[in-house]
Amino acid sequence: MKLYSLPLSPYAARVRAAIYAKNLAVEIISPPSDWRTSPEFRKLNPLVRIPVLVLDDGTAVAESGVIVEYLEDAHPEPSLRPRSPKDLARVRFITLVGEHYVSTAIMPLFGLFDGKNRDEAAISAQLAKLDGALKQLNDLLQPGDYAHGSRLTTADVWLAPLRYTLEGLMSFSGRTELLDRYDAVRTYSDVVHRDPHLDRIWREMEDGLKAFMASRATAS
Ligand SMILES: N[C@@H](CCC(=O)N[C@@H](CS)C(=O)NCC(=O)O)C(=O)O
């Protein structure tokens, strides 16, 4: 199997965390430089997004959440799913809150803070959305624990890159107080650093950010 991945992409990092935790033999590769316009890449993923997992028979699996679930189904051990259906529903719920609410509130902020003529009203409105989503996520987490109990699950492979992205947003925007009221989300980075697989993707994302900032500095 091979995974088209980018170091800084939280979606690709999610899949890499699952691959590392499950100790799978997957070749992690960068997409070709023309991936956004390449007809071959579009054939692999009509959404033209990273990550994409390509199986040994050439089948492509796209969308980070779908890829993680595929890896669980195809390679069940070691499992990142709790056994009880009730616990699994909880893990999926926490994952979904991270994906549908927190992540969708974060992503536009990078563009809004980056603009030369900042739209302060739009920034405030988006920050209010993020604040609401962070409160919801925070209420679902226990400070110091994995997303659900004391072991790594499919929820954590998503929450770890999401938490890194929040770190990036705080430093990029200078709004370092963003998580002050959300202790469980704030201290989730300690959980990440205690887990070798989550810590590994955090460091890979840090390296990805350094490379991105260096390429921006060269371009400007
Ligand atoms: N919902 C998708 C999101 C993937 C995504 O948006 N990836 C970004 C990279 S971080 C991308 O490919 N964006 C398109 C682009 O950069 O042109 C997933 O979970 O895989």
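The values are calculated or read from the model by the stated rules, or taken from the named source; none is laboratory data. Just so you know, these numbers come straight off a predicted model, no measurement behind them. Every residue, glycine among them, receives a Cβ derived from its backbone with ideal geometry; neighbour counts consider all protein chains shown.
So if I check each of LEU152, LEU137, LEU71, LEU109, which one is aliphatic (A, V, I, L, M), in contact (Cβ under 8 Å) with a residue 12 or more places away in the chain, more than 16 Å from the ligand (Cβ to nearest atom) and part of a helix (DSSP H, G or I)? Lay out the reasoning, then the answer.
Values: LEU152 fails: part of a helix (DSSP H, G or I); LEU71 fails: more than 16 Å from the ligand (Cβ to nearest atom); LEU109 fails: more than 16 Å from the ligand (Cβ to nearest atom).
Exactly one residue qualifies, and that residue is LEU137.
Specify the residue that is nearest to SER64 (Cα to Cα); the eligible residues are those in the stretch 29-52 that are near the ligand (Cβ under 9 Å from one of its atoms) and either aromatic (Phe, Trp, Tyr) or loosely packed, with under 11 Cβ neighbours inside 10 Å (or both).
As a first pass, look at the stretch 29-52 and keep what is near the ligand (Cβ under 9 Å from one of its atoms): 31, 35-36, 45, 47-52.
Those left that are additionally either aromatic (Phe, Trp, Tyr) or loosely packed, with under 11 Cβ neighbours inside 10 Å (or both): 35, 47.
Details: TRP35: 17, LEU47: 12 Å.
Ranking the candidates gives LEU47 first.
Looking for whichever is in the same structural domain as LEU134 (by TED's automatic domain parsing) and out of contact with any helix residue (DSSP H, G or I) (no Cβ under 8 Å at 6 or more places or on another chain) here; the options are PHE172, PHE212. Which one fits? Even if it seems obvious, please write down each step before you answer.
Working: PHE172 fails: out of contact with any helix residue (DSSP H, G or I) (no Cβ under 8 Å at 6 or more places or on another chain).
Exactly one of PHE172, PHE212 is in the same structural domain as LEU134 (by TED's automatic domain parsing) and out of contact with any helix residue (DSSP H, G or I) (no Cβ under 8 Å at 6 or more places or on another chain), namely PHE212.
Among (1) surrounded by 13 or more Cβ atoms within 10 Å (Cβ to Cβ); (2) hydrophobic (A, V, I, L, M, F, W, C); (3) over 24 Å from TYR20 (Cα atoms), there is one condition ALA217 misses while meeting the rest; what is its number?
Looking at each condition in turn, ALA217 falls short on (1).
As an exercise: evaluate ALA89 against (1) farther than 21 Å from LEU141 by Cα; (2) among the aliphatic types (A, V, I, L, M); (3) more than 16 Å from the ligand (Cβ to nearest atom) and give the number of the one condition it does not meet.
Only one criterion in (1) farther than 21 Å from LEU141 by Cα; (2) among the aliphatic types (A, V, I, L, M); (3) more than 16 Å from the ligand (Cβ to nearest atom) is unmet by ALA89, namely (1).
Among the residues that make up the stretch 61-80, is at least one of them outside the structural domain of GLU177 (by TED's automatic domain parsing) and on the phi > 0 side of the Ramachandran plot?
Yes: the stretch 61-80 contains one or more residues that are outside the structural domain of GLU177 (by TED's automatic domain parsing) and on the phi > 0 side of the Ramachandran plot.
Being more than 21 Å from TYR146 (Cβ to Cβ) and surrounded by 12 or more Cβ atoms within 10 Å (Cβ to Cβ): is that true of VAL97 here? Write out each step before concluding.
On the way: more than 21 Å from TYR146 (Cβ to Cβ): no; surrounded by 12 or more Cβ atoms within 10 Å (Cβ to Cβ): yes.
The answer is no for VAL97.
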